[in-house]
Amino acid sequence: MVDQALGHTIGKRPGGSVAPNMADYDQARARFSWAAAREELAGLPGGGVNIAHEAVDRHLGGPLAGTPALRLLGKRGDVRELTYAQLGQETDRFANVLRVLGVRRGERVFVLAGRIPELYVAALGTLKHGSVFSPLFSAFGPEPIEQRLRLGDARVLVTTPALYSRKVAQLRDRLPELAHVLLVGDEQEIAGIPGVEDFRGLMRSVDDSCEIAATAAEDVALLHFTSGTTGMPKGAVHVHEAAVAHRATGRIVLDLHERDVFWCTADPGWVTGTSYGIIAPLTLGVTSIVDEAEFDADRWYRILQDERVTVWYTAPTALRMLMRIGAEVAREYDLSALRFIASVGEPLNPEVVEWGREAFGMPVHDNWWQTETGGIMIANYRSMDVRPGSMGRPLPGIEAAVARRDANGRAVLRGDGSLELVESPEEQGELVLRPGWPSMFRGYLGEQARYQRCFAGGWYLTGDLVRRDADGYFWFVGRGDDVIKSAGHLIGPFEVESALLAHPAVAEAGVIGKPDPVAGEVVKAFVALKPGHEPDEELRRELLGFARQRLGAAVAPREIEIVSSVPRNRSGKIMRRLLKARELGLPEGDISTLEGGS
Ligand code: ATP
Ligand code: MG
């Protein structure tokens with residue numbers, strides 16, 4: 001790897017003159033086929049598919065070999081750059097390390113680390129070797145780490161001396177299957193720790209070229225744990241074929257062009273940070289920015305400016321935090337390279353879309369997907385008008401519909417076994433997708449029955465409630481579990497949160513249903529304020545009135561509580577189930593993914 005001072009080696013920015021990859025949605029939808037998208041892959045020389053081949057090796061013989069694949073911005077200002085050629089060698093080395101250690105194909109390699117170069121090398125090297133990559137968020141405490149390593153039958157763990165000593169060493173006795181722990185760090189320090197091996201020493205001891213494993217399309221490649229927003233995280237299993245969807249969505253939704261400078265701010269501990277923080281951009285010959293540090297408004301603007309980021313993929317909470325400090329701040333930076341901004345993970349409030357226009361001169365494009373879908377399914381596209389507050393329209397190749405739910409929240413099946421779908425626009429129901437796209441999960445690890453319950457009448461049930469307007473745009477209503485039933489109305493917390501967010505004093509809002517003897521449930525909102533606002537009774541009343549005026553008495557919160565912050569998990573999602581448990585004095589349940597938690 002080459003250490004470099006902060007500076008620019010990246011070619012001319014594509015700029016605003018770049019034509020969108022998808023010029024016309026309806027036309028693209030009519031013409032699209034997954035078989036044709038599959039043809040876009042290089043494929044392994046001997047047949048079969050390997051994600052790492054698509055991400056790295058396919059570029060090595062051509063003009064992209066010398067292009068930076070990853071620019072890794074260290075916490076302390078150090079920058080490391082890996083060209084596609086260098087990434088090819090490093091990932092070959094790691095595949096060889098696994099071979100030397102006797103790891104077998106299909107066995108699980110976990111990484112527990114911050115966004116350091118070795119994380120990326122280990123991810124892709126694991127795939128080259130034919131074993132299964134599973135990322136863990138470095139902020140996890142020992143319990144969630146143990147839970148996931150155990151569930152995933154971890155064979156190898158790559159981590160750092162500090163994380164190992166603080167979180168893993170104490171678990172070793174209970175993890176007999178974990179044969180190898182490779183530490184990235186100081187050689188001397190590692191030598192003094194029993195039961196571990198030196199990552200860098202091993203990398204030096206092997207060859208920098210290997211024969212990539214002849215993986216088949218259906219071979220397991222990735223194990224991703226869900227965010228744990230609604231309960232205990234589930235382990236979603238993905239296969240090498242997923243690369244078809246990663247590449248297609250990178251092109252169609254994120255509008256990635258060769259040599260773009262792309263920044264996906266998600267940590268690979270979450271599926272976004274792997275599908276779009278590692279795989280998709282590399283399959284398209286893009287330079288990916290990786291920032292090791294956590295969110296900091298000034299640092300983020302500086303990265304967008306100095307790296308001349310062209311496409312930026314981030315999350316609503318980050319955008320809301322930037323919004324909190326004002327659009328003027330954004331305008332102090334030269335963000336002229338930026339061509340496209342996308343957001344995922346949570347509903348994107350219409351205010352944030354509009355704020356994007358003000359701060360960056362372009363709207364933020366919301367898109368929707370899940371760990372289970374492996375890639376983006378519904379999106380606002382560059383060539384299509386954004387409807388603020390809407391998730392957009394289904395990806396070409398994806399059939400999405402709205403299923404009617406019964407009083408227990410289950411999709412309604414007709415006598416012939418088919419699903420009862422909602423046809424009239426504006427009526428809400430569960431978002432369902434027709435299975436068969438390449439990045440679809442192939443199972444929940446160790447939970448076959450639960451996996452099967454996700455399907456009914458030939459559809460995949462997402463668990464999210466939506467409505468579809470007359471033009472086919474989907475609007476997020478809420479997670480099935482979060483929806484509030486109040487005096488006969490079904491209320492999505494997002495709608496109420498967005499209304500509160502429109503008030504100038506409100507920075508964050510989380511809304512739950514609180515049991516009520518008369519109404520069944522009443523709406524309660526927890527609100528965090530922007531700096532400079534006093535959390536007094538007068539403001540609380542003002543907010544109640546403000547919400548009632550916007551939403552009407554049936555939907556507006558009956559209660560508002562001003563809090564210092566709203567609990568979120570590490571992928572930035574509001575944890576409403578935790579707000580509810582606390583409100584009702586119930587057990588908090590699994591909080592392994594809570595930010596600031598473990
Ligand atoms: P768990 O399944 O463990 O409760 P999770 O569902 O939050 O956690 P993820 O797979 O990371 O785990 O998140 C997917 C979910 O995030 C979606 O089902 C949806 O509820 C929400 N989501 C993602 N993107 C959007 C979006 N653009 N708009 C609204 N909701 C979104
Ligand atoms: Mg989920």
### Query
How high is the relative contact order of segment 32-294, in percent, counting Cα pairs under 8 Å that sit 6 or more residues apart?
25 percent
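Can you tell me the relative contact order of the chain? Whole percent, Cα pairs under 8 Å, sequence separation 6 or more.
12 percent
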### Query
Accessible area of residue 489, 1.4 Å probe, to the nearest 10 Å²?
90 Å²
### Message
I'd like the antiparallel share, as a percent to the nearest 5, of DSSP beta bridges with both residues in the chain.
### Response
60 percent
### Message
Accessible area per residue for segment 198-237 in Å², computed with a 1.4 Å probe and the full protein assembly in place, what is it?
### Response
39 Å²
#### Entry: Lysine pair count for the chain [Cα-Cα under 14 Å; pairs on different chains or 8 or more apart]
5
### Query
Under a point-charge model restricted to the Cβ atoms of Lys and Arg (+1) and Asp and Glu (-1), what is the dipole moment magnitude of segment 354-494 relative to its Cα centre, in debye to the nearest 20?
320 debye
### Query
When the gyration tensor of segment 32-294 is built from Cα positions, what are the square roots of 5 times its three eigenvalues, in whole Å, from largest to smallest?
28, 20, 19
### Query
Taking the Cα atoms only, what angle lies between the long axis of helix 84-100 and the longest principal axis of the chain, rounded to 10 degrees?
80 degrees
### Message
Kirkwood hydrodynamic radius, segment 267-326, all distinct C-alpha pairs: what's the number in Å?
### Response
12.6 Å
### Query
Just how many % of Cα pairs in segment 98-150 lie over 14 Å apart, if you round to the nearest whole percent?
53 percent
### Task
Let me know the whole percent of all Cα-Cα pairs from segment 156-242 that are separated by more than 23 Å.
47 percent
### Where chymotrypsin sites (Phe, Trp or Tyr not before Pro) fall in DSSP loop in segment 250-344, at most 15 other Cβ within 10 Å
295
#### Entry: Expected 222 nm ellipticity per residue - DSSP helices of 4 or more, -39500 (n - 2.57), all of the chain, to 500
-7500 deg cm²/dmol
### Message
Run the simple label-point estimate for residue 487 and residue 544 please: 7 Å along Cα→C-beta, distance reported in nm.
### Response
1.4 nm
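Given segment 32-294, what percent of its DSSP beta bridges are antiparallel, to the nearest 5? Spell out each step's value before the answer.
On the way: 10 of 33 bridges.
Here the share of antiparallel DSSP bridges comes out near 30 percent.
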### Task
Quick one: compute a quarter of the convex hull surface over the Cα atoms of segment 484-584 and quote it in nm².
6.3 nm²
### Query
Roughly to the nearest percent, how much of the accessible area of the chain is carbon and sulfur, given a 1.4 Å probe?
48 percent
### Query
Normalised by the number of residues in segment 399-479, what is the relative contact order in percent for Cα pairs under 8 Å and 6+ residues apart?
31 percent
### Query
In degrees from 0 to 90, rounded to the nearest 10, what is the angle of the helix 117-129 Cα long axis to the longest principal axis of the chain?
70 degrees
### Helix axis angle, 537-551 relative to the chain longest principal axis, alpha carbon, degrees
90 degrees
### Message
What FRET efficiency comes out for residue 100 versus residue 170 if R0 is 22 angstrom and r is the Cβ-Cβ distance? Round to the nearest 0.05.
### Response
0.20
### Message
Output needed: percent of Cα pairs per 10 Å distance bin for segment 374-465, bins running from 0 to the one holding the longest distance.
### Response
15, 43, 33, 9, 0
### Task
Determine the per residue accessible area of segment 383-503 with all protein chains present and a 1.4 angstrom probe, expressed in square angstrom.
41 Å²
### Over 15 Å [Cα-Cα, segment 381-435], rounded percent
58 percent
### Task
Would you mind putting 102-110, 388-396, 532-540 in packing order, based on average other-beta-carbon counts within 10 Å, highest first?
388-396, 102-110, 532-540
## Note on the structure
Short to long, in 10 Å steps from zero, the percent of alpha-carbon pairs of segment 187-288 per bin is 13, 29, 33, 21, 4
#### Entry: Solvent exposure ordering (accessible area, 1.4 Å, most first) of 167, 75
75, 167
## Note on the structure
Given a Förster distance of 56 Å, the FRET efficiency implied by the Cβ-Cβ spacing of residue 414 and residue 42, rounded to the nearest 0.05, works out to 0.80
### Task
Report, by chain and number, residues whose modeled amide H sits under 5 Å from the one on residue 158, excluding near sequence neighbours (fewer than 5 apart, same chain).
110, 111, 112, 182
### Query
Ignoring ligands, DNA and RNA, how do 558, 308 rank by accessible area with a 1.4 Å probe, largest first?
558, 308
### Message
Treating only the Cβ of Lys, Arg, Asp and Glu as charged (+1, +1, -1, -1), what charge dipole size does segment 484-584 show about its Cα centre? Round to the nearest 20 debye.
### Response
500 debye
### Query
How are the Cα pair distances of the chain distributed, in percent, across 20 Å bins from 0?
20, 55, 24, 1
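The values are calculated or read from the model by the stated rules, or taken from the named source; none is laboratory data. Predicted, not measured: the structure shown is a model, and the values here were computed from it. FYI the Cβ positions are ideal-geometry reconstructions off the backbone, even for glycines, and counts take in every protein chain you see. Ligands, DNA and RNA are stripped out before the accessible areas are found, and what is left, the full protein with its side chains, is counted by its heavy atoms. Shrake-Rupley method; radii C 1.70, N 1.55, O 1.52, S 1.80 Å.
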